[in-house]
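The values are calculated or read from the model by the stated rules, or taken from the named source; none is laboratory data. As the structure is a computational prediction, the values presented were derived from the model and not from experiment. All Cβ positions, even for glycine, are placed from backbone atoms using ideal geometry, and neighbour counts span all protein chains on display.
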Amino acid sequence: MRICILTPGDSIKKRHKPSNERFIDLLKPHLPETEWITIHCLEDDLNLNVNEFDAYLVTGGKYSVFEDFTWQNNLFDLIRKIYQNNIPVVGVCYGHQVLAHALDGQVERFDNGWGVGVTSVNITNRPDWLEPTVEKVYLLAMHQDQVTKMPTNATRFLGNHFCHISGFYIEDRVLAVQQHPEFTPELCRDLILKRKERIGERYESALQSLEIDHQGDFVGQWIANFICQRDQVQSA
């Protein structure tokens with residue numbers, strides 16, 4: 001299997017692994033035979049033959065989907081092409097928002113501030129690939145923008161009181177999650193410190209929340225299950 005990671009880059013680089021490597025670390029135990037290819041959205045050509053890869057993953061990043069960048073518009077076009085060719089695509093945080101925006105959903109800047117630190121997210125729907133099965137997961141978060149309208153035919157499967165649409169999927173084609181299964185507490189802490197002024201009143205509680213164990217590996221298993229479900233059906 002060949003999976004292409006699409007990344008807009010990281011805002012903290014020196015002390016932590018880049019996002020593509022964090023996702024490989026998260027998913028490699030569940031997808032051991034996979035070849036990983038990374039494309040940097042700001043630098044590399046996004047005019048791809050999408051059928052070269054078995055699946056795609058769009059990482060987080062510091063950008064907003066309503067900013068007008070040429071590379072970002074090219075990324076939206078690429079997502080639509082991937083979807084039209086019926087190839088599985090996964091998005092996390094910024095990637096979650098990219099998938100919604102590119103496929104006619106809606107993303108907005110949330111008036112009530114940042115989702116940050118370890119947050120509890122409820123499972124609202126259980127597709128077949130959602131194993132292990134739990135009632136809720138604790139995940140690391142860092143976002144202010146939110147998906148407020150899902151694409152047509154999407155099903156919400158994650159949410160909480162702060163971020164209603166924390167995760168959605170479209171059949172075996174699209175999987176999107178707002179929170180960060182690939183984050184480490186150390187990375188999240190450094191981002192909180194860096195963004196103290198922007199985070200505002202949630203700053204102290206966000207730092208305290210990092211004492212809670214996060215369950216990003218659960219979501220890593222879900223992502224792997226989602227990507228592999230077609231092969232499982234064909235081999236059944």
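Tell me which residues, restricted to region 133-151, are farther than 16 Å from Gly91 by Cβ, part of a loop (DSSP other than H, G, I, E, B) and out of contact with any Phe, Trp or Tyr (no Cβ under 6 Å at 6 or more places or on another chain).
Selection gives Thr133, Val134, Glu135.
Which is out of contact with any Cys (no Cβ under 7 Å at 6 or more places or on another chain), in a strand (DSSP E or B) and of a type in the set (Lys, Arg), of Arg198, Arg156? Spell out how you get there, then give the answer.
On the way: Arg198 fails: in a strand (DSSP E or B).
Unique residue meeting the criteria: Arg156.
Return the residues of region 17-54 that are crowded, with 17+ Cβ neighbours inside 10 Å and touching a residue at least 60 places away in the same chain (Cβ under 8 Å); say none if nothing qualifies.
Ser19, Arg22, Phe23, Leu26, Leu27, Leu31, Asp54
Looking at Val147, Val137, Val98, Val92, which one is more than 14 Å from the chain's Cα centre (by Cα), modelled with pLDDT of 95 or more and under 27 Å from Leu193 (Cα atoms)? Talk me through it step by step, then tell me what you get.
Values: Val147 fails: more than 14 Å from the chain's Cα centre (by Cα); Val98 fails: more than 14 Å from the chain's Cα centre (by Cα); Val92 fails: more than 14 Å from the chain's Cα centre (by Cα).
Of the residues listed, the single one that is more than 14 Å from the chain's Cα centre (by Cα), modelled with pLDDT of 95 or more and under 27 Å from Leu193 (Cα atoms) is Val137.
Please pick out the residue among Leu99, Leu31, Leu42 that is assigned to a loop (DSSP other than H, G, I, E, B), closer than 22 Å to Gln221 by Cα and not polar (S, T, N, Q).
Every option except Leu31 fails the conditions.
Out of all the residues in region 80-91, which are in contact with a Phe, Trp or Tyr (Cβ under 8 Å, 6 or more places away or on another chain) and in contact (Cβ under 8 Å) with a residue 60 or more places away in the chain?
Residues satisfying the conditions are Ile87, Pro88, Val89, Val90.
So if I check each of Glu211, Glu201, Glu197, which one is surrounded by fewer than 18 Cβ atoms within 10 Å (Cβ to Cβ) and modelled with pLDDT of 95 or more?
Glu211
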